[in-house]
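Student: I have a structure I would like to understand better, so I am pasting it below and will then ask my questions one at a time.
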Amino acid sequence: MCPQAAAGGRRAASRAPGAHNVCRLLTRRAHGFYARDAGVAHRKNLGLLRKILCQESTKFKNVWTTHSASPIAYERGRIYLDNYQCCISSIAQEPRILYQKPKCSKSEKIEDALLLECPLGEMLPSPSDYKSSLIVLTVQNWLLRLSADSGEILEKIYLAGSCCKFRYLSWDTPQEVMVVKSAQNKLPAAARQAGIQQSVLFYLAVFQVLPLSFIGMLEINKKIFGNSVTDVAVSNGILIVMYSVGLVRLYNFQAISEQFMEQPFDLGHEFNWNGQVGVVGKYPFGLPCNIKITDTPPLLFEASSLENAFQIGGYPWHYIITPNKKKHKGVFHICSLKDNALAKNGIQDMKCCSLEPDWIYFHPDMSGRIIHVGPNLIKVLKLKEVKNNTDQMEIAEDFTIVANRENSVNNAVTVTASGRVVKKRFNLLDDDPEQETFKIVDYEDELDLLSTVAVTQIGADGRAHLDFHCNEHGILLKSIPLLESWDVTYSHEVYFDKDLVLHIEQKPNRRFSCYVYQMVCDTAKDDECSSHEKTERVLCKKGGRIFECI
């Protein structure tokens, strides 16, 4: 063997031991096996950002505030105003306008929107597909794909005529399969009095995204699913049908589409359907209803739960319900999906006496844990095998987060300075505004931090603070005071997105406010670069903003 070939062999061996072909090399790189891989560098940078964020010297500064008469939305560093006609980037040191479109008419009003991001490792037909875009649904049943940076219309699909009113967008599989749902079909009072029957309750149109392609449209008919259907959804390949009696039924959506699809259609192609000739997705024909369910599909699972509250998660699979009686409100049962067996310690009840109920859900970090939030207590629970019985699971406490409250706040008996004994006629509620109460709990997946918003209101002035906790152990790492007053009677949303905190508030009479906080480092030297653990990449601090120096 020549020296060059031997050297090349040694280089290949050092580069990927055990990898014998290009596909294996790419797979190992995607899994982050190599120290110089972009994914490894990104994770390392996020680790550095988390350490800087949790330092005592790091502050969050209110850099921008705006008010609006229409709802304010936030998606991945972009703030949307005026019914998505104005887009503002929150990534810059001070938020700046990305685009401002002319005010639209009522017929062009946007009902719902989803942010669409480019999938990794996919070959896409158009260069514009590699950039983020916004899919919006208009009041006139148009589905538009807009450039997230300019608002330019990239694609335009007409869904249907006046026979149905599409109103909601959701993900079946995030960033892969999208569902457009109609409002519930209801006949006018005059039609009902005339004895006219309405059998179709909802329409669902399902699309594959990037490239945008039509999978099919189906109707939810009460002749098939029953008279008491109140809502329907498609999530993770499951058709979920909810009933007024608290019943929830699950069906396999893929099996339904395969069994009942009459004919597949492609967007932009001519079709002849039930005597109509037109182009799929073009005005005035829109999309054909090509999935006709003629018989009740096989049932996967059903459960009865108060207010149709039903969740699936954990490992092995479990589900959470509330027994279907009003007296059980606030009581949660955690059961095995395999055999409906209640887990050991599977009844969770905080016994709260509060105006707002506690809530429970599976942790979004895919750890299989469960988060149970009450007015003054957050419990993170985990599933584990019962000792000496591998077939049964038990619910164990992983950690708790407790609100900062004074023990004496709810004393039933107090003694005045003169010695007079005063007895209270009632006890304070667990979510009394004068006591610190948890209002929001969220998870920042890129920094692996659990965030909580706790509020205390004295008189008309409410104060809130955003706390960051270690997601693994629940330890408090950082607390950020929110400067604006927080009224507990208003609706609030708080977003924590790496180095950004955004608070959206809805006041009475459709008045909306948005407060933007950005991370700043309290340092005497603005233009100072500091190395971290002798790495080649350093984080540079300029004007309080953080970026990477190579």
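Student: At 1.4 Å probe size, with no ligands or nucleic acids counted, give the accessible surface of ASP82 in Å², nearest ten.
Tutor: 80 Å²
Student: Moving on. How much length, in nm to one decimal, is gained on full extension between GLU108 and SER70, taken as 0.36 nm per residue of separation minus their Cα-Cα distance?
Tutor: Full extension from GLU108 to SER70 adds 12.2 nm.
Student: Also, quick follow-up: Summing Lys, Arg as +1 and Asp, Glu as -1, what charge do residues with Cβ under 11 Å from the Cβ of THR65 carry, THR65 excluded?
Tutor: Computed value for this residue: -2.
Student: Find, among the GluC sites (Glu not before Pro) in segment 435-472, those assigned to loop by DSSP (not H, G, I, E, B) with at most 15 other beta-carbon atoms within 10 angstrom. Walk me through the intermediate numbers first.
Tutor: Working: sites: GLU436, GLU444, GLU446, GLU472; in loops: GLU436, GLU446, GLU472.
Here the sparse-neighbourhood loop sites are GLU446, GLU472.
Student: Then there's this: Could you please tell me the mean projected area of the C-alpha convex hull for segment 121-240, averaged over all directions and given in square nanometres to one decimal?
Tutor: Numbers: hull surface 35.0 nm².
Averaged projected hull area, Cα only: 8.8 nm².
Student: When N is the residue count of segment 238-319, what does its C-alpha Rg come to as a fraction of 2.2 N^0.38 Å?
Tutor: Expressed relative to 2.2 N^0.38 Å, the Cα Rg reads 1.50.
Student: Give me the accessible area of ILE458, 1.4 Å probe, in Å² rounded to the nearest 10.
Tutor: 110 Å²
Student: Continuing with the same structure: Tell me the accessible surface of CYS470 in square angstrom (1.4 angstrom probe, heavy atoms of protein chains only), to the nearest ten.
Tutor: Per-residue accessible area (CYS470): approximately 20 Å².
Student: On to the next question. For a Förster distance of 51 Å, can you work out the FRET efficiency between the beta-carbons of LEU337 and ARG420, rounded to the nearest 0.05?
Tutor: The calculated FRET efficiency here is 0.30.
Student: What's the local net charge at GLN198, with K and R +1, D and E -1, over the other residues with C-beta under 12 Å away?
Tutor: Charge balance near GLN198 sits at +3.
Student: Over all alpha-carbon pairs of segment 268-360, lay out the pair-distance distribution in 10 Å bins, whole %, shortest bin first.
Tutor: Cα pair-distance distribution for segment 268-360, in percent: 13, 29, 16, 14, 18, 9, 0.
Student: Name the shape class, rounded, prolate or oblate, that the alpha-carbon gyration tensor gives for segment 299-348, where a ≥ b ≥ c are the square roots of its eigenvalues, rounded holds for a/c under 1.5, and otherwise prolate holds if a/b is larger than b/c and oblate otherwise.
Tutor: Oblate shape, in that a/c is at least 1.5 and b/c is the bigger or equal ratio.
Student: Quick check on segment 178-228: what does the Kirkwood estimate of hydrodynamic radius come out to from the alpha carbon pairs, in Å?
Tutor: 12.6 Å
Student: How big is the equivalent ellipsoid of segment 60-181 along its three axes, where each semi-axis is √(5λ) from the Cα gyration tensor, reported in whole Å from largest to smallest?
Tutor: That gives 24, 20, 13 Å for the three semi-axes.
Student: Roll a 1.4 angstrom probe over the protein heavy atoms and tell me the percent of accessible area of segment 437-494 that is carbon or sulfur.
Tutor: Working: 1270 of 2360 Å².
Carbon and sulfur together cover 54 percent of it.
Student: Scale the Cα Rg of segment 452-527 by the rule-of-thumb value 2.2 N^0.38 Å and send over the ratio, two decimals.
Tutor: Cα-based Rg divided by the globular estimate yields 1.28.
Student: Could you tally the net charge around LEU210, taking each other residue with its Cβ under 13 Å from the Cβ of LEU210, Lys/Arg +1 and Asp/Glu -1?
Tutor: It works out to a net charge of -3.
Student: Right, next: How high is the FRET efficiency from LYS165 to ILE224, r the C-beta distance, R0 25 Å, rounded to 0.05?
Tutor: Details: r = 21 Å, r/R0 = 0.85.
It comes to 0.75.
Student: Cross-link partners among aspartates and glutamates for LYS292, C-alpha distance below 17 Å, same-chain residues fewer than 8 apart left out?
Tutor: By straight Cα distance, LYS292 reaches GLU219, GLU258, GLU262.
Student: Percent relative contact order of segment 354-396, based on C-alpha pairs within less than 8 angstrom and at least six residues apart?
Tutor: Rounded, it is 25 percent for segment 354-396.
Student: Inverting the mean 1/r over all pairs of different Cα atoms, compute the Kirkwood radius of segment 225-284 and quote it in Å.
Tutor: Here the Kirkwood hydrodynamic radius works out to 14.1 Å.
Student: When Rg is the radius of gyration of the Cα atoms in segment 89-155 and Rh is its Kirkwood radius, what does Rg/Rh come to?
Tutor: So for segment 89-155, dividing Rg by the Kirkwood Rh gives 1.01.
Student: Need one number: nm distance between label points at GLU94 and LEU267, each 7 Å from Cα along Cα→Cβ, rounded to one decimal.
Tutor: In this crude spin-label approximation the distance works out to 4.0 nm.
Student: When the Kirkwood radius is taken over all Cα pairs of segment 49-90, what Stokes-Einstein diffusion coefficient follows at 25 °C and 0.890 mPa s, in µm²/s?
Tutor: Result for D is 197 µm²/s.
Student: Also: Any lysines with Cα under 20 Å of the LYS338 Cα? List them, leaving off those in the same chain fewer than 8 positions away.
Tutor: Hits, sequence-local ones excluded: LYS382, LYS384, LYS387.
Student: Also, I was wondering about something else. Which of the residue pairs LYS101/LYS181; LYS101/LYS156; LYS51/LYS439; LYS165/LYS282; LYS326/LYS507 have a Cα-Cα distance greater than 20 Å in the structure shown?
Tutor: Violating the 20 Å Cα-Cα cut-off are LYS101/LYS181; LYS51/LYS439; LYS326/LYS507.
Student: Say a paramagnetic label sat at a point 7 Å from the Cα of ASP82, along Cα to Cβ; which residues of segment 98-112 have their backbone N under 12 Å from it?
Tutor: Only 98-105 fall inside the zone, counting backbone N under 12 Å.
Student: For LYS131, give me every one of the aspartates and glutamates with a C-alpha distance below 16 angstrom, ignoring sequence neighbours fewer than eight places off in its own chain.
Tutor: Of all the aspartates and glutamates, those that pass the test against LYS131 - Cα under 16 Å, at least 8 places apart if same chain - are GLU75, GLU117, GLU122, ASP149, GLU152, GLU155, GLU176.
Student: If r is the Cβ-Cβ distance from GLU472 to GLN311 and R0 is 25 Å, what FRET efficiency results, to the nearest 0.05?
Tutor: It comes to 0.65.
The values are calculated or read from the model by the stated rules, or taken from the named source; none is laboratory data. The structure presented is a predicted model; accordingly, all values stated were derived computationally and were not measured. Cβ sites come from the backbone with ideal geometry, for glycine too, and all protein chains shown count toward neighbours. Note: accessible area is taken over every heavy atom of the protein model, side chains too, but ligands, DNA and RNA are not part of it. Shrake-Rupley method; radii C 1.70, N 1.55, O 1.52, S 1.80 Å.
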